[in-house]
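Everything on this sheet refers to the single structure shown next.
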Amino acid sequence: MTTIYVKEQGAKIGRKGERLVISKDQEVIKEYPLVNVQQLNLFGNVQLTTQAVATLLEREIDVTFLSIHGKFRGRLTGNGSPHVRLRQQQYQRLRDPKLTLALAKAFVDGKIHNQRVVLQRQTRRLASPPQAARGRAVVPADPALFKRSLNGMMKMQRAAQKARDVDALRGYEGQAAANYFQAVRTLLEDEWRFQKRDYYPPPDPFNALLSFAYSLLLKDVNGAVNSVGLDPYLGSFHEVAYGRPSLALDLMEEWRPYVADALVLELINRGSLQPQDFHWTGRPKRPVELGEDGVAVVLNAYGRRLETLIFHPGAGPAGGQTTLRQAIELQARQFAQVILGRRESYEPVKAK
């Protein structure tokens, strides 16, 4: 199945027979057999014909809309969710503070665990024969700080499991994240200008790259939540606020390090992206942006990442291999089973 990213500004997408046709200025850029299209992602000023919209809705092909810079805006939906009973249960059961706290703890536990694994994989890689990225050995600038950060994360992970309420849990998660990005900073060259995680707006190339990767991940987690029939705006860890897809953000937590952070570090370690691939805009609301070539690199790598195979206990009667893309949906389905009372607890995917 094919996932399509259209970022050519002014492009138009229409239908011709059994093919999806992308054109600009009346010239065809590319065509795809509809039977192979799984997802269509539109960046910025890209148009859909009414015939294409009707076909995409009829065949239930996922269509997402993002800003030109990759911020998730929304998706094309038909008659809304038919899963009324599931949503009724979601609204009712997430009023139970014990259940919401248990679910929130699971999300945080999975996230911190996977963050630690991402760092430990870096340590194992660095312990092997010297590896270089474009001639530069990638080693922690401060090995002692790197180790202290890992220990601090472990401490926060233990504390999070004993949290008495969601507010306290958020505090432990926030401190674990601070330790995590402190360790990540020791792995980056000074030219990346990274000091801490900051995203309103991203002030440096590394933060901008992370935000882009997280936007791509959010659209897919949000898509899985909608596919299962849950309300993406009512979660248990992220506070409910107008326009905030709290449940999608909750379910995204375990995948941030597993999918997005690992991808970003891999692109940097291999030299696929460098700070020179970004440009400074002089605009306070968006001071740094990834160039068009860099965007293509990230999109291609992200698509490959989602097709990576992992073991998932929900893939088949006794578990089995499935793609990361499918595993994201399986986790959303597991959450729905908890909401319906068919499972006692939610188990995050933990990297090894």
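FYI, it's all coordinate maths here, none of it is from the lab. Keep in mind that this is a model prediction, so the values were computed, not measured. So basically every Cβ, Gly included, is an ideal-geometry build from the backbone, and we count neighbours across all protein chains shown.
A compact table of results
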quantity	calculated
Amide H contacts under 5 Å for Val288, placed H, 5+ residues apart	Thr281
Modelled label reach - Arg286, point 7 Å along Cα→Cβ, segment 56-89 residues with backbone N closer than 11 Å	67-71
Candidates Gly78, Gly152, Gly294: whichever shows maximal mean-square fluctuation once the chain is modelled as a Gaussian network with Cα springs under 10 Å	Gly78
Computed [θ] at 222 nm, deg cm²/dmol, the chain (DSSP H ≥ 4; -39,500 (n - 2.57); rounded to nearest 500)	-15000 deg cm²/dmol
Percent of beta bridges antiparallel (DSSP, the chain, rounded to nearest 5)	65
Distance from segment 226-249 to segment 162-180 (C-alpha centre basis), Å	20
Built amide H within the under 5 Å cut-off of Leu40, gap 5+	Ile4, Asp62, Val63, Thr64
Part-to-part distance (alpha-carbon centres) for segment 7-65 and segment 298-318, which is given in Å	25
Extension reserve of the Arg87-Asp198 stretch, reckoned as 0.36 nm per residue once the Cα distance is removed	36.6 nm
Sequence-distant residues sharing a close amide H with Leu48 (under 5 Å, placed H)	Ile13
Per residue, the convex hull volume that the Cα atoms of the chain enclose (Å³)	154
Whole-number D in µm² s⁻¹ for segment 2-75, Kirkwood Cα-pair radius fed into Stokes-Einstein, 4 °C, 1.567 mPa s	106
Rounded to 5, the percent of DSSP beta bridges in segment 2-75 classed as antiparallel	55
Range in the chain, longest, excluding exposed GluC sites (Glu not before Pro) [loop by DSSP; at most 10 other beta-carbon atoms within 10 Å]	61-343
